[in-house]
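So the structure is just underneath, and the comments pick up after that.
The values are calculated or read from the model by the stated rules, or taken from the named source; none is laboratory data. Nothing here was measured: the structure is a model prediction, and the numbers come from that model. Cβ coordinates were reconstructed from backbone atoms using ideal geometry, including for glycine residues, and neighbour counts include every protein chain displayed.
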Amino acid sequence: MSANSQLAIRAQGLGKHYHIYVKPHHRLLQTLWRGKRQFYRDFHALENINFELMQGQTLGVIGRNGAGKSTLLQLICGTLAPTAGNIEVQGRIAALLELGTGFNPEFSGRENVAINAAILGLSEAQIDQRMDAILAFADIGEFIEQPVKTYSSGMYVRLAFAVAIHVEPDILVVDEALAVGDAFFQAKCMTQMKKMLDAGTTLLFTSHDVGAIKAICQQVLWLEQGKMRAFGQTSAITRQYAQEWVLQANAAQGVVAETVLETGPGSLEHVATPNLSEVELETAARLQTVGTGAVRLSDMGWVVSDGLETVGEQILSEQLVQWGETLHINARVNIQKPCDHLIVSYHLKNRQNQHVIGSHTYSHPQVYDRQWQTGDSFQVRFTAPVVVHEGQYALTMLVTSISDMVRYTDAVFHDWVDDVAILTVAPRPLYPLSDMVEVENMVQVKSLPSFTENQ
């Protein structure tokens, strides 16, 4: 690590393997046979993981359950030893791994705070100095004097997170622990983590909430069955992850999945595949759309003229607007195969790749209730006021078939197109009240009779 002092974490060929025994007595047989026979099978929890993370950067780790996310974080924290490769870490680590990790269930919350803070490197004087702040952040009241074995899962994570952030770590590791907290505490933790990031703390964050990953992580590592599926900038990797989700959702409905690769200006090459291959992931920048192919979207963008059938209207891929102006989003829908229960929708995404506003056509029977046939085509336009603040936003459009609008369990995605157009919202002359969306201001003021303090 001395070769580059700016590196916080470096993984090289990192792997973790386990011996899986079918029956308990096979462990004894393996010992007695001294390796002449093998009574186990190898399980590769992680294999050949390679990445570098600079100081002050944020890394999100995503993947399905069992992909190896928690194993990776435990290797980084040193609670597991690697079977292959090596992991180098520079700086003090504070981690929220499994609930209650490092807590003695028989000790009180206050005692566990002192023990954990000492393990993480704080002196007795520093612990005394920060104790009140830790307890105030955890906010578990009189339970702080009770054994932690009496705590709920939410109280566990409150106390653990409060300790982790107040030891002022160089690297903070969070492994889905915040998912058990209430909404207020989650918001409080996210705010605190952003403050720590601004102060230069390195963050590794694992979550199934891709929105949270997009909000705070600069890079993303996608694990699948213990291997690296992809590693790179958050916007690119989360887009691939969303496309994979579409493919799996379609496969669950027995629909042949299909991706579409952009091979040149105005040219689309259809590639049938049950999953995104490693080759396709290497060309992820060209991946634009995914779905069954039964319906195709075209002519998508911002429309600057009024009226759905205006002749000669211009569809723009980039548009500059002011807050409060009316925005027209246009698309043409081309039916390739017979289908029904069609819903066309759009999402506007900010620079963190988070969806901030959107709409759909479910309430329009001329789209949803019609039996569409091959060769049919129609145009759809969404009209909405611009209620997002200064910045750039990208347009995502999709068309699906959904008959169960209560549970969405039968959704089939025909075409999902990312980043088809860019919207730039100009700065406002008046100060904004929120970071993303602000509805049109409608205020009523009514005069009332004078009052006295005794009224």
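Observations
- Of the listed requirements (1) modelled with pLDDT under 90; (2) in a strand (DSSP E or B); (3) surrounded by fewer than 20 Cβ atoms within 10 Å (Cβ to Cβ), GLY100 misses just one: (2).
- Test: ILE87 is under 22 Å from the mean Cα position of the chain (by Cα), of a type in the set (Val, Ile, Thr), within 25 Å of GLU224 (Cβ to Cβ) and in the same structural domain as GLN146 (by TED's automatic domain parsing): no
- Listed by first and then second residue, the pairs with beta-carbon distance under 7 Å, at least 6 apart or on different chains, first residue in segment 340-352 and outside any strand (DSSP E or B), second buried (at least 19 other Cβ atoms within 10 Å of the Cβ) and of a type in the set (Phe, Trp, Tyr), are ASP340/TRP372; HIS341/TYR368; ASN350/TYR393.
- For segment 106-118, the set of residues classified as within 22 Å of CYS77 (Cα to Cα), surrounded by fewer than 18 Cβ atoms within 10 Å (Cβ to Cβ) and in contact with a helix residue (DSSP H, G or I) (Cβ under 8 Å, 6 or more places away or on another chain) consists of ALA118 only.
- Only listed residue being of a type outside the set (Phe, Trp, Tyr) and in contact with a Cys (Cβ under 6 Å, 6 or more places away or on another chain), chosen from GLY68, GLY60, GLY78: GLY60
- Residue check, ILE20 in contact with a helix residue (DSSP H, G or I) (Cβ under 6 Å, 6 or more places away or on another chain) and either of a type outside the set (Ser, Thr, Tyr) or surrounded by 15 or more Cβ atoms within 10 Å (Cβ to Cβ) (or both): no
- The single condition among (1) farther than 25 Å from ASP170 by Cα; (2) surrounded by 14 or more Cβ atoms within 10 Å (Cβ to Cβ) that GLY35 does not satisfy is (2).
- Residue ID - surrounded by the fewest Cβ atoms within 10 Å (Cβ to Cβ), chosen from residues in segment 333-352 that are under 16 Å from LEU398 (Cα atoms) and out of contact with any His (no Cβ under 9 Å at 6 or more places or on another chain): ASP340
- Test: residue in segment 384-395 that is in the same structural domain as ILE315 (by TED's automatic domain parsing) and in contact with a His (Cβ under 8 Å, 6 or more places away or on another chain): yes
- Segment 197-209 - residue that is crowded, with 19+ Cβ neighbours inside 10 Å and either of a type in the set (A, V, I, L, M, F, W, C) or not assigned by TED's automatic domain parsing to the domain that holds LEU96 (or both) and, of those, modelled with the lowest pLDDT: PHE205
- The set of residues from segment 119-145 being loosely packed, with under 15 Cβ neighbours inside 10 Å and either touching a strand residue (DSSP E or B) at 6+ places or on another chain (Cβ under 6 Å) or in a helix (DSSP H, G or I) (or both) comprises ILE119, GLU124, ALA125, ASP128, GLN129, ASP132, ALA133, ALA136, GLY141, GLU142, GLU145.
- So LEU172, is it farther than 15 Å from GLY102 by Cα, in contact with a strand residue (DSSP E or B) (Cβ under 7 Å, 6 or more places away or on another chain) and buried (at least 16 other Cβ atoms within 10 Å of the Cβ): yes
- Of residues in segment 62-103 being without any contact (Cβ under 8 Å) to a residue 60 or more places away in the chain and touching a helix residue (DSSP H, G or I) at 6+ places or on another chain (Cβ under 6 Å), the one farthest from GLN6 (Cα to Cα): PHE103
- Identification of strands (runs of 3 or more DSSP E) wholly contained in segment 390-440 with 1 or more residues that are surrounded by 12 or more Cβ atoms within 10 Å (Cβ to Cβ) and touching an Asp or Glu at 6+ places or on another chain (Cβ under 7 Å) yields 391-401, 422-425.
- Being out of contact with any Gly (no Cβ under 8 Å at 6 or more places or on another chain), in contact (Cβ under 8 Å) with a residue 60 or more places away in the chain and in the same structural domain as VAL173 (by TED's automatic domain parsing) holds for only one residue in LEU53, LEU29, and it is LEU53.
- Looking at THR409, THR361, just one residue is at pLDDT 90 or above and polar (S, T, N, Q), and that residue is THR361.
- Residue match in segment 252-266 (condition: in a strand (DSSP E or B), modelled with pLDDT under 90, closer than 22 Å to ALA411 by Cα and not hydroxyl-bearing (Ser, Thr, Tyr)): yes
Residue-by-condition table, conditions (1) in contact with a Phe, Trp or Tyr (Cβ under 6 Å, 6 or more places away or on another chain); (2) surrounded by 16 or more Cβ atoms within 10 Å (Cβ to Cβ); (3) in a strand (DSSP E or B); (4) hydroxyl-bearing (Ser, Thr, Tyr):
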residue: LYS16; (1), (2), (3), (4): no, yes, yes, no
residue: GLN30; (1), (2), (3), (4): yes, yes, no, no
residue: LEU59; (1), (2), (3), (4): no, yes, yes, no
residue: ARG64; (1), (2), (3), (4): no, no, no, no
residue: ILE76; (1), (2), (3), (4): no, yes, no, no
residue: GLY91; (1), (2), (3), (4): no, no, no, no
residue: ALA95; (1), (2), (3), (4): no, yes, yes, no
